[in-house]
Amino acid sequence: MLSKLRTLALLGMNGYAIDVEVDISNGLPAFDIVGLPDLAVKESKERVRAAIKNSGYTFPAKRITVNLAPADIRKEGPAYDLGIALGILWSTGQIPMEDDALSEAVVLGELSLDGAVRPIKGVLPMLATQPYPHVYIPDDNKEEAAHVPDISIYPVRTLKELALSLSGESPIAAFHGSKPVEERELDKYQVDFSEVKGQENVKRAMEIAAAGGHNILMIGPPGSGKTMLARRLPSILPHLSYREALESTMIYSAAGVLPENTGILVERPYRSPHHTVSSVALVGGGRVPKPGEISLSHHGVLFLDELPEFKKDVLEMLRQPLEDGTITISRVHGSATFPAEFMLVASMNPCPCGYYGDATRQCTCTPLRITQYLSRISGPLLDRIDIQVQAQAIPFDKLKQTKTSESSADIRKRVEAARTLQYNRYERIGLYRNAQLTGKLLSEYCELPGDAQKLLKHAFERLGLSARAYDRILKVARTIADLAGKDMIETGHVAEAIQYRSLDRQYWA
C-alpha cells in the first residue's frame, strides 16, 4: 500500500515542502530511503524501526521504500523521522485514516527509540515561510511555532499519541500560545553602566553608538575596561520590538541554538566569538548554508575582543555585510541569504605589549612591531567603523570612589528618545537609524551650516580621511544632534564627530 504525507525542510531561512511517500510491498524484508538523503536521514531507519516497536505497533517484515521528493534536493537532519514512521503505520493499516486526512497538514519531528518525539531546529522559519493550516510538531517546539499566524498547532509528545489522535481515538488539542506577545517580559540585564568607574569619554561614545546604531572601536591598554563596557552596551540599546525579536528568533531556530522551550528572544543578541573563530563560523556557511556569528548578532551586538588577533582574511569578510546588512552564501547544495544588521563593537591594544602611548607604563615594542600589529586591520575595515575612541588606564582615585555613575536605564531613555526621532524621520523610506543612511539620503538629512562645512573640510584635509570616513562623520554628527534634540546639525556636533575619527591619524597615519 502507498501513503503520502508532507513535511518541511530548511534552506537558509526559507522552508520548502518535502513529500514523504511510503510504499510497502511483498518481497524480502528491506527498508530503503531514497531522494538524496544524508547520513542522518539514512540512520532514521533504525530510529523509526525501534520507535514503532516500542510504541506497541508492528514493524512490517516486508519491502519498505520511502521516497523524499523532490529527489534533486539534498535532505539532511532527523526532522523526517515522525513523517516516515507515520507513513509506515498508515500504509500497513495500523492507523485507519482517509486518503486526504493529511492533505493540508505537515508533520515534523525526530524520534527517540522509545517513541518519544524530540525537538528539531528551524521550526519557526520553516512554518513562517510555508504556513500550512495544520502542523504536527514536537511539544518542545510549540512555543516558537505559536508566533506564526493563522495555523493550528498540534504539539506531539510521542508517536503513539499522534497515531491515536489521527485515528480519532484521542485527538490532540490545538495549542495557541501560553502568553500573549503583548505581555512578554522586557529584556533584563545582570550588568549595568553604573558599575563602570571612570571612562566618561568611552561611555559617551557608546551612548552615541547605541543611539544611531554605529560601529565602534575602543583602543586602550589592558585593564582599562574595554570588555566590561562592551558587555554593558546591550543594556542601553532600545528594547527589542516584536518584529526584531521574531527575526532574531528565526535565525537562532535555524542555527539550532534557540534555548529549549523558548517562544521568542526577549534580549538583544550579544555574541563574542574567540579570535580563533573560522570564517565559516563568523559569516556562515557549510555544505548546506547555515547562519554564522554575524547573523546570530542580527539586531544586536557582535563584540570582537583583541581585534588584531583575528585572522586578517576573516576580518575582511566583515566588509560586505557591514555595508549591506545581509550575507549571501552560495554552495553546491544551494544559495542562502541571511540577515546581518548588527552593531560591530571591537577592542584592541595600541601595540603588542599594550602600553604604547600610556602615561604610566613604558611601551617595550619596537616601531616595526607596532606597525606590523596595527597593519592587521585594513583601512577599508576601519572606514566602516564609525566611532573610534581611546580608553585610558583608570587612575586609583576613580577606582576607590564610592559614588556610582549614571545607570543604564537613564542612558537608555536618551537613546530611545533619539531612536524615536530617527524612526519618525525615516519612516516613509523604511529606515530605522542614522547608521543606515547612504548616498543622497546623507545630503538630504545631514545638511551642514557654513561653519560646520568649513570645519569638516579642514579636518578632511588634515587627517587624510576617505570618502567613506566623511560619510561616517556626517552620520555620527546627525546622531549627536538627535541626542541633543536638535533638528539641524550644528558645528559642535560635527566637531565631536570628527573627534571620533582622530585615532586614524594617531595610529594608522
Over the range 1-110, how many percent of alpha carbon pairs lie in each 5 Å bin up to the one with the longest distance? 2, 12, 24, 27, 20, 10, 3, 1, 0
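So how many Å³ per residue does the convex hull of the Cα atoms of the range 420-476 work out to?
Considering the Cα atoms of the range 420-476, their hull volume per residue is 81 Å³.
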Within the chain, what's the longest stretch lacking trypsin sites (Lys or Arg not before Pro) that sit in DSSP loops with no more than 11 other Cβ atoms inside 10 Å? 189-402
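If you add up the charges near ILE151, with Lys and Arg at +1 and Asp and Glu at -1, over every other residue whose beta carbon is less than 15 angstrom from its beta carbon, what do you get?
For residues surrounding ILE151, the net value is -2.
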Principal axis dimensions, largest first and in whole angstrom, of the range 437-509 by Cα: 34, 23, 21
Residue order, fewest to most surrounding Cβ atoms within 10 angstrom, among CYS351, CYS446: CYS446, CYS351
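Looking only at the chain, where both bridge partners belong to it, what percent of the DSSP beta bridges are antiparallel (to the nearest 5)?
50
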Per-residue ellipticity at 222 nm attributable to helices in the chain (runs of n ≥ 4 DSSP H, -39500 (n - 2.57) apiece, nearest 500 deg cm²/dmol) works out to -10000 deg cm²/dmol
For the cross-link pairs LYS311/LYS413; LYS226/LYS413; LYS53/LYS290; LYS312/LYS413, which exceed 30 Å when the distance is taken from alpha carbon to alpha carbon? LYS311/LYS413; LYS53/LYS290; LYS312/LYS413
How much net charge surrounds PHE59 when only the other residues with a Cβ under 10 Å from the Cβ of PHE59 are counted, with Lys and Arg +1 and Asp and Glu -1? +3
List VAL41, VAL314, VAL34 from most exposed to least, where exposure is judged by having the fewest other Cβ atoms within 10 Å. VAL34, VAL314, VAL41
If you work out Cα Rg over 2.2 N^0.38 Å from the coordinates, which of [x] 0.95; [y] 1.01; [z] 1.18 do you get? [z]
Going residue by residue through the range 359-370, the Karplus relation 6.51 cos²θ - 1.76 cosθ + 1.60 with θ = phi - 60° gives ³J(HN,Hα) values, rounded to whole Hz and with x marking Gly or Pro, of 7, 9, 10, 8, 6, 9, 8, 7, x, 5, 5, 5
Surrounding charge for GLY212, neighbours by C-beta under 11 angstrom, Lys/Arg +1, Asp/Glu -1, total +2
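Any read-out appearing in this document is the output of simple, stated calculations on the displayed coordinates, not a laboratory observation. For clarity, every value in this text was computed on a predicted model and none was experimentally measured. A quick note on method: Cβ atoms are made from the backbone with ideal geometry, for glycine too, and the neighbour counts reach across all protein chains shown.
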